[in-house]
Every structure is written in structure tokens, then in C-alpha cells.
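Asks: Here's a structure for you.
No value in this document is a laboratory result; all are computed from the given coordinates. Keep in mind it's a predicted model, so treat the numbers as computed, not measured. Here the Cβ positions follow ideal geometry from the backbone for every residue, glycine too, while neighbour counts run over all protein chains shown.
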Amino acid sequence: MQKTPEVVVFDLGKVLVEFDYGIAARKIAARGTSDPIRVREFLDHSPLLFRYETGLMTKEQFFDEVRAGTGFRGDLEEFGRIFGDIFEPIPAMVELHASLRQKKVPVFIFSNTNELAIAHIRKNFPFFSNFDDYILSYQHGAMKPHARLYEVVEEKTGRREAEILYLDDRPENVAAGSERRWQVILQETPERSWAAVKRLGLLG
């Protein structure tokens, strides 16, 4: 029989919030000298975002690089609004988080992300403030599935192995959790994630 987990660790993007960098690319292009496709490729395929999300660049340095690469004519404040405004909550998953909190289950965020994204989500989505702690790649100099970041989760939660339930949409990230004997759910649909959490005895 599977052990009922003691804490639940959520990925953020594609688990609790949808996101689309295409939205930012279109808005950056409208205020710059590159077309949206080239801006999207610049964000997706240059090492820039990886460096930013591993804490190797400040938001000012990231902005300067994007401005140089796209001809963006706005200031950092405008860029921050554009770059952050790509998220929408996934209502059923936000409800799952709320249900776990109601049951007094400790809940954590574990995300490859950046300062601008987190500032926007924190400001606009009230549910985000209701976690016990946050393990964010840019604050720790590593990105999932690097083992160091999973060690931080264990340090922050005070739990190990099957005491941890981890939800993520990326197979390689889930696999890294599974290797540490965490219980894992690969997020495919909210309905499947809800059903899996219930099977583990966390919700009635």
C-alpha cells in the first residue's frame, strides 16, 4: 500500500498557471524592431532565459540583452509588465491547492522561473501567497532537473522520499523526483492530477 504523503510540492508553469511567451513576443515586437517570430526565437533558443532563470543575470542585465537583441524601445518597468503578463491560473489546480490547505497539508512551489515572472504572479494571483515556502531556480543557481534543487526541496520541507508528493508537467523533472523516491504525478490534465491525489489519501 502506498504511503500517504506528508507534503505536496507543486511546479508552477503548466501545473498551477498556463503561460505563453508568444504573448510577450508580440508585445515586445510591437515596441521594437524585430517581428514576433524572431523575438520568440530569441527568447526560446538563446541561452538568455536559462541564464536569467539560474540567477546568472539580474533583471536589469536581462532587460539590456533583450533590448539589444530586439530593438525594444520601452523602459524596464514597461518590459517587466509585458514579460510577466503571460500567465493565466488553471482554476481546477488552484482549487486543488486550496483543498489541500484546508486539510492542513503543507504545500510548496518548486519552479524553474525568474524574478519578473514571480513579481507578476505574486501581485496578480492571490493564491500564490498561500504556500508554506518557495523553491525558485533563480534564487538557487540551478534549474530542474539538477539534483541540487531537489536537495533544497528536501531541506525546505524537512521531508524525504515517499513523504513528498511532487506534481510537474515535464517528464524529466518528475523522473528526477522519482529517483529520489518521491511520490510523483506527471501533470497531464487537472482531472487526472485530482484523481491521483485522492488515491493517495490526501483528500476525501
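Asks: Mind running the shape call on the chain? Use the C-alpha gyration tensor, a ≥ b ≥ c as the square roots of the eigenvalues: rounded below 1.5 for a/c, prolate if a/b tops b/c, oblate otherwise.
Replies: Numbers: a/c = 2.34, a/b = 1.92, b/c = 1.21.
Here the chain falls in the prolate category.
Asks: What is the magnitude of the charge dipole of the chain about its Cα centre, with +1 placed on the Cβ of each Lys and Arg, -1 on the Cβ of each Asp and Glu, and no other charges, expressed in debye to the nearest 20? Each step should come with its number before you reach the end.
Replies: On the way: 28 positive and 31 negative charges, 73 e Å.
In debye, rounded to 20, the chain gives about 360.
Asks: Additional query: Determine the distance separating the Cα centre of the range 101-172 from the Cα centre of the range 19-67; give it in Å without decimals.
Replies: The range 101-172 and the range 19-67 have Cα centres separated by 24 Å.
Asks: With 24 Å as the limit, write out which pairs from K3/K103; K103/K123; K27/K59; K14/K198; K123/K198; K14/K123 have Cα-Cα distances beyond it, or answer none. Before the final figure, lay out the partial values.
Replies: Working: K3/K103 17 Å; K103/K123 26 Å; K27/K59 18 Å; K14/K198 20 Å; K123/K198 31 Å; K14/K123 19 Å.
Flagged as over cut-off: K103/K123; K123/K198.
Asks: Here is a follow-up. Report, for the chain, the % of DSSP beta bridges that are antiparallel, rounded to 5.
Replies: Numbers: 3 of 19 bridges.
Of those bridges, close to 15 percent are antiparallel.
Asks: Cross-link partners among aspartates and glutamates for K156, C-alpha distance below 12 Å, same-chain residues fewer than 8 apart left out?
Replies: Straight-line reach from K156, under 12 Å: D132, D133.
Asks: Please compute the Kirkwood hydrodynamic radius over the range 21-84, one decimal place, Å, based on all pairs of different Cα atoms. Before the final figure, lay out each step's value.
Replies: On the way: mean 1/r = 0.0875 Å⁻¹.
It is 11.4 Å.
Asks: With the Cα gyration tensor of the range 72-127 giving a ≥ b ≥ c as the square roots of its eigenvalues, does the rule (a/c under 1.5 for rounded; else a/b larger than b/c for prolate; else oblate) give rounded, prolate or oblate? Let's see the in-between values first.
Replies: Numbers: a/c = 3.47, a/b = 2.63, b/c = 1.32.
In terms of gyration-tensor shape, prolate.
Asks: Given the rule -39500 (n - 2.57) for each run of at least 4 DSSP H residues, summed and divided by the residues of the chain, what is its mean residue ellipticity at 222 nm, to the nearest 500 deg cm²/dmol?
Replies: On the way: 11 runs with 103 residues, N = 204.
The helix contribution divided over the chain gives -14500 deg cm²/dmol.
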